[in-house]
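Take a look at the structure below.
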């Protein structure tokens, strides 16, 4: 049986951005990750081994968010790739990262990048 496992609204203080001040002082980011998966029968028998363990999924996101990058596209791709590499039952992943108050010279609550990747 197929389905989705998602973590939404993960918050991080991270150091992603093109400008030096973004990479030195950091900013607030929000991450959503949704994994299309193939559940095994054991998931419906209350066995964690039959599904995506979202604690492990969170660890992937946290690890990649800790690596400073200029572009959110780079971070999204790294999270998506690591997710697909780490979970054999994962079929596709969508990663969305939002940067709050991006330095664009005007008022903007957040800038968002979304990456979709399939096996």
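Numbers at a glance
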item: Kirkwood Rh and Cα Rg combined as Rg over Rh, evaluated for the chain; result: 1.04
item: Relative contact order computed over the chain (Cα-Cα under 8 Å; 6+ residues apart), in percent; result: 27
item: Residue order, fewest to most surrounding Cβ atoms within 10 angstrom, among 58, 77; result: 58, 77
item: Gaussian network model of the chain, Cα within-10 Å springs - most flexible of 18, 107, 33; result: 107
item: Most mobile of 17, 50, 106 in a GNM of the chain (Cα contacts under 10 Å); result: 106
item: Listed residues 79, 104, 52, most fluctuating in the chain (Gaussian network, C-alpha, under 10 Å); result: 104
item: Three-way shape call for region 62-119 based on the alpha-carbon gyration tensor, with the a/c threshold at 1.5; result: prolate
item: 222 nm mean residue ellipticity, helices alone, for the chain (DSSP H n ≥ 4; -39,500 (n - 2.57); rounded to 500); result: -8500 deg cm²/dmol
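Taken together, the values in this text are just the output of simple stated rules run on the coordinates, not laboratory data. Bear in mind the structure is a predicted one, so any value in this text is a computation, not a measurement. Cβ sites come from the backbone with ideal geometry, for glycine too, and all protein chains shown count toward neighbours.
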